Amino acid sequence: MFPDLSSLSAQLFERGRKVMPGGNSRVGVMMEPYPIYAASGRGCRVTDVEGIERIDYINNWSSLIHGHSNPAVLAAITDQAQRLLAVGQPTLVEIELAELLTDRVPGIDLIRFSNSGSEGVLMGLRAAKAFTGRPKVAKVEGAYHGNADPIEVSVAPSPTDWGDAHHPATVAATDGITRGVLQDSIVLPFNDIAATRAILEANKDDLAVVVVDPVVSRMGFVQASREYLEMIREVTARHGILLMFDEVFSFRMGYHGAQGEVGVIPDITSLGKIIGGGLPVGATGGRADVMEVFDQTKKPLRVEHGGTYNANPMTMAAGLAAMQQMTPEAYVRLAGLGERLRDGISRVMHDNGLPGRVHGVASMVAMIFNDAPFSNYRELPLRRREAEMIYALHQHLLNHGVTIIPHGMLLLSTPMTEDDIDETLAAMDSGMKLLAGAASA
C-alpha cells in the first residue's frame, strides 16, 4: 500500500536524494512522501519496482499516446538503432516526419525539429522576434508553455500579485527570471475578448507574437473559445503581429491538430510530446516566410538553430512510426474513450453525492470537486478542500491499480479499451464512496 516508507521506491528516493537535488531531474514526478519508481510498461499499464501493475493515465505527461512498448514504435527504434543512433548529418527519416506533419497541420509550411516542447516554443518566440523586429511577447494568464524565460510568467499567480482582472500583472513563475525579461512579457486574460483586444491594441507596435494554447492543460484542459481565438487572429493579422499556437498538448485534439478542429490558423505552431513516439522531441513550424529566418542557405543567417540531438534519427524514426498510426480513425476512437471516461467520472461523482465537474476534450480529461463553472484561470475553484479531495482520490487509485496525474488529470492512450475505462471507473467509484463517507462523518 502507498505510502510505505519501507518500500523499494522509498529507499530509491532516499538514494536519489544523495546525488540529485530533490532526488530526481523533473519536478512533475514528485509525489508526497516519495515518488513511485517504474520498472516496465506494456500497453496502457506500468509495473513499478515492487511488481505492482497499474493502468497508466500519466503517459509521460501526454507523450505516450500509444502507451508503452508499442510494437511499431519498438520495431522502428530497433531497426534504426542497428544503423544510426545519432549522427552529424541529416537523415531521410527527418524528411519523412517533416512531410507527414506539414501535410497534416494547416499552419505549417516548413518545420524544424528540436528536443522538447519548451525548445519548440523558445525557437518560435525567437523566430517571431526576428521576423517582426519587435521585442515583446504575449501569453494568457494560467497557461504553461515550457521553461523559456519570456513565457514562464503568470503560470499560477496568486491573488496577492496577479493585478487587475482586465489587465493582468506579469508575474515571474520561478526565481531566476529577471526584471528586464518581465518588461517584454505581456499577460492576457484568457477568454476575455474585450480586455484582450484592448491589451493587444495598446501594444500593437511592440508585440512580436501572441502565444495561445487552444487547450490549457494547467486549467484542467479548458478550451479557448472559438470567438476568442478568432478575435486574436483578426487583431494580430491586422497589426502584423504573429500568432503562435502551442500544440504540445492540444495536438491530441484531432488529425489536423487543434487548429484544424477550431478553424483558426496560426502563423507559428510549436509541437512536442506525441510526435516523438516516446523519445525526446520538439518542433517549430509555420508559414514559409516566417520559417525562412532559420534558413542557413540564405545569407546572412537571421536565427541560428542548432542542437546536437535535433532531428536525431532515433526520435525521428519513433515519431514517424507513432504518427503513422494516428489516423483519423484512431483519433476518433481515442476521443470516444475519453468521452466514456468523462461521462463515467461525472456519473460516479454525482451518484456518491459529491460536487464536481469533469472537463477536457478528446483524449484529455480533468476533474475537480466543485460544481462552479469557469473559463479562465481566476475562476478556477482551487481551494484547499478541493485539492485535498483530489490528492486523497489519487492515493486511493494508486492502491487500486490506477495512476493519474496527482492534480486530477488523465491522458488516454490507444491501447486502452472500454474494459480499461470501466476498471478505472470502478476504482473511482470506490474512492469517491470513501470521500463521501469522510465528508459526512
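Residue by residue, here is whether (1) under 29 Å from SER413 (Cα atoms); (2) in contact with an Asp or Glu (Cβ under 8 Å, 6 or more places away or on another chain); (3) in the same structural domain as ILE111 (by TED's automatic domain parsing) holds:
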position: HIS166; (1), (2), (3): no, yes, yes
position: PRO189; (1), (2), (3): no, yes, yes
position: VAL210; (1), (2), (3): no, no, yes
position: ARG218; (1), (2), (3): yes, no, yes
position: TYR255; (1), (2), (3): yes, no, yes
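Here segment 297-331 is the region considered, the condition is being part of a loop (DSSP other than H, G, I, E, B) and without any contact (Cβ under 8 Å) to a residue 24 or more places away in the chain, and the residue that is surrounded by the most Cβ atoms within 10 Å (Cβ to Cβ) is LEU301. The residue list ARG17, ARG26 contains one member that is modelled with pLDDT under 95 and either farther than 30 Å from ASP422 by Cα or in contact with a helix residue (DSSP H, G or I) (Cβ under 7 Å, 6 or more places away or on another chain) (or both), which is ARG26. A single entry from ALA362, ALA317, ALA335, ALA372 fulfils the requirement of being of a type in the set (A, V, I, L, M), farther than 30 Å from GLU418 by Cβ and outside the structural domain of GLN89 (by TED's automatic domain parsing): ALA372.
Out of segment 275-296, which residues are part of a helix (DSSP H, G or I) and within 16 Å of ARG104 (Cα to Cα)? Hits for segment 275-296 are ILE275, GLY276, ALA288. Among the residues making up segment 41-52, those that are touching a Ser or Thr at 6+ places or on another chain (Cβ under 8 Å) and assigned to a loop (DSSP other than H, G, I, E, B) are CYS44, VAL49, GLU50.
Kindly establish whether ALA127 is surrounded by 23 or more Cβ atoms within 10 Å (Cβ to Cβ) and among the small types (Gly, Ala, Ser). Criteria met by ALA127. In segment 103-140, the residue that is farthest from SER63 (Cα to Cα) out of those that are in a helix (DSSP H, G or I), in contact with a strand residue (DSSP E or B) (Cβ under 6 Å, 6 or more places away or on another chain) and not charged (D, E, K, R) is THR132. Within segment 277-294, residues that are more than 19 Å from GLY307 (Cβ to Cβ) reach no partner that is buried (at least 20 other Cβ atoms within 10 Å of the Cβ) and of a type in the set (Lys, Arg) with beta carbons closer than 9 Å at six or more positions or on different chains.
Filtered by the rule that a residue be within 19 Å of HIS407 (Cβ to Cβ) and part of a helix (DSSP H, G or I), segment 349-367 gives a lone residue, MET349.
Which of the following residues is in contact with a Phe, Trp or Tyr (Cβ under 9 Å, 6 or more places away or on another chain), surrounded by fewer than 17 Cβ atoms within 10 Å (Cβ to Cβ) and assigned to a loop (DSSP other than H, G, I, E, B): ALA143, ALA156? Write out each step before concluding.
Working: ALA143 fails: surrounded by fewer than 17 Cβ atoms within 10 Å (Cβ to Cβ).
The match here is ALA156.
The residues listed here are ALA335, ALA362; of these, the one that is at pLDDT 95 or above, over 24 Å from ASP48 (Cα atoms), out of contact with any Asp or Glu (no Cβ under 9 Å at 6 or more places or on another chain) and hydrophobic (A, V, I, L, M, F, W, C) is ALA335. Could you tell me whether ARG83 is in a loop (DSSP other than H, G, I, E, B), modelled with pLDDT of 95 or more, more than 21 Å from the chain's Cα centre (by Cα) and crowded, with 20+ Cβ neighbours inside 10 Å? No. Only one entry in LEU397, LEU434, LEU393, LEU410 is among the hydrophobic types (A, V, I, L, M, F, W, C), part of a helix (DSSP H, G or I) and under 18 Å from ASN60 (Cα atoms), namely LEU397.
Among the conditions (1) part of a loop (DSSP other than H, G, I, E, B); (2) touching a strand residue (DSSP E or B) at 6+ places or on another chain (Cβ under 7 Å); (3) among the hydrophobic types (A, V, I, L, M, F, W, C), ILE55 misses just one, which is (1).
The values are calculated or read from the model by the stated rules, or taken from the named source; none is laboratory data. Treat the numbers as computed from the prediction; the structure is a model and nothing was measured. Neighbour counts are summed over all protein chains in view; Cβ atoms, including those assigned to glycine, are modelled from backbone coordinates with ideal geometry.
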